[in-house]
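S.K.: Structure incoming, see below.
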Amino acid sequence: MIALACDHGGFELMGLVKQFLDEHRYKYKEFGTFSTESVDYPTFAVPAGHAVAEGSCDRGIFICGTGIGMSIAANKIPGIRAALCTTAFMAEMSRCHNDANVLCLGARVLDVDAAIMLVRIFLNTGFEGGRHSLRVAMLDKM
Ligand code: RB5
């Protein structure tokens, strides 16, 4: 189950991400927002982040205008490792090395094809473990 959260800046891109998830039969839970009316991104990052941290969702995809607000908010939740990614390499490394459990995207930064590519990589790349496990454990203790 994937937790989805966006603000007004991310609402349109989230619609296209949902289309991708539907086409590939991913299950998701939507935490809003549900329109382009101006809202505050922590309102949506917090419950969606808790759903990932507590295990009712395995991963999260959070979108705002830049992805910055969503990533700051998500990373305040213990157990969340949110990665703001703009390139394929970042999305891949966020999973291989950081075991990121939330992908943050900036709708005003990425074109749609790039955003969908990052979602695909994030959902299809595993954690390498090994030396990275210790580092992730250190993060989880902070
Ligand atoms: C909203 O205008 C914008 O500030 C928000 O979507 C996000 O980019 C914040 O980090």
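S.K.: Please work out how much length the chain gains when fully extended from Lys18 to Ala88, using 0.36 nm per residue of separation minus the C-alpha to C-alpha distance, in nm with one decimal.
M.R.: Between Lys18 and Ala88, full extension yields an extra 23.3 nm.
S.K.: Could you give the dipole magnitude of segment 7-72 about its Cα centre, charging the beta-carbon of Lys and Arg +1 and that of Asp and Glu -1, in debye to the nearest 20?
M.R.: About 220 debye.
S.K.: How much FRET efficiency would the formula 1/(1 + (r/R0)^6) give for Asp113 and Ser38, where r is the Cβ-Cβ distance and R0 is 30 Å, rounded to 0.05?
M.R.: E(calc), rounded to 0.05, equals 0.65.
S.K.: Among all the lysines, which ones have a C-alpha under 20 Å from Lys141's C-alpha, if same-chain residues fewer than 8 places away are not counted?
M.R.: Result set, ordered by chain and number: Lys76.
S.K.: Something else about it: Quick check: pseudo-label points 7 Å beyond the Cα along Cα→Cβ at Asp58 and Cys96, how many nm apart are they?
M.R.: Here the modelled spin labels are 2.1 nm apart.
S.K.: Also: In whole Å, how far is the Cα centre of segment 78-127 from that of segment 35-66?
M.R.: Centre-to-centre (Cα) distance: 15 Å.
S.K.: So who's got an amide H within less than 5 Å of the one on Ala3, skipping anything under 5 residues away but keeping other chains? H placed 1.01 Å off N, in plane.
M.R.: Long-range HN contacts for Ala3: Lys29, Asp58, Arg59, Gly60, Ile61.
S.K.: Where does the longest stretch of the chain lie that holds no GluC sites (Glu not before Pro) found in a DSSP loop with 14 or fewer other Cβ atoms within 10 Å?
M.R.: That would be 38-127.
Every number in this text was worked out from the coordinates using simple rules, so none of it is lab data. This is a predicted model, so every value here is computed, not measured. Glycine also receives a Cβ, built like all others from the backbone with ideal geometry; neighbour counts cover every protein chain displayed.
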